[in-house]
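*Asks:* Structure incoming, see below.
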Amino acid sequence: MKITITLPDDIAERARQLPDSDEFVTRAVEEALAKEPQPSTPPSEPQPSKWAQIVKRIESGPSLGSYAKKFNADRREFRRNFGFPHDER
């Protein structure tokens, strides 16, 4: 594959004068890429929010029995009214 790379004039001239400039550039790029940190692969699924984790834990945990309706209402009210003092400016 051929690609075009823009180099400063003095470096391009020195590379052009090498006996095997293609091989030299290939080795230089390979060495530079070997030193670069490899990008980490992103997780396949985004992490659920803290709220989603809490809800999942509650839903999968033991039943709350007759308290479930009251708990869910309180949870929704808390989320609706939650805010940090600096958010209210």
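Quick note: the coordinates plus some simple rules give every number you see, no bench work behind them. For clarity, every value in this text was computed on a predicted model and none was experimentally measured. With ideal geometry, Cβ positions are generated from the backbone for all residues, glycine too; neighbour counts draw on all protein chains shown.
*Asks:* Answer with one residue from PRO62, MET1, PRO48: the one whose Cα lies farthest towards the positive end of the charge dipole of the chain, charges on Cβ with Lys, Arg +1 and Asp, Glu -1.
*Replies:* Projecting each Cα onto the dipole axis, the largest value belongs to PRO62.
*Asks:* Let me ask something else. Tell me the mean residue ellipticity at 222 nm calculated for the chain from its helices only (DSSP H runs of n ≥ 4, each -39500 (n - 2.57), averaged over every residue, nearest 500).
*Replies:* Values: 4 runs with 48 residues, N = 89.
When only DSSP H runs of four or more count, the value is -16500 deg cm²/dmol.
*Asks:* How charged is the neighbourhood of ALA15? Take every other residue with its Cβ under 13 Å from the Cβ of ALA15, and add Lys/Arg as +1 and Asp/Glu as -1. Mind showing how you got there, number by number?
*Replies:* Numbers: positive: ARG14, ARG16, ARG27; negative: ASP9, ASP10, GLU13, ASP20, ASP22, GLU23.
Result for the local shell: -3.
*Asks:* Just the projected area, averaged over all directions, of the convex hull on the alpha carbon atoms of the chain: how many nm²?
*Replies:* 13.9
*Asks:* Answer with one residue from ALA28, GLN17, PHE71: the one whose Cα lies farthest towards the positive end of the charge dipole of the chain, charges on Cβ with Lys, Arg +1 and Asp, Glu -1.
*Replies:* Checking the options against the dipole of the chain, the answer is PHE71.
*Asks:* Another question about this same structure. Using a cut-off of 15 Å between beta-carbons, work out the net charge of the residues near GLU30 (Lys and Arg +1, Asp and Glu -1, GLU30 not included).
*Replies:* Spelling it out: positives minus negatives among the neighbours equals -3.
*Asks:* Quick check for me: using +1 on Lys/Arg Cβ and -1 on Asp/Glu Cβ, what's the dipole size of the chain about its Cα centre, in debye to the nearest 20?
*Replies:* Numbers: 15 positive and 15 negative charges, 261 e Å.
With Lys and Arg at +1 and Asp and Glu at -1, about 1260 debye.
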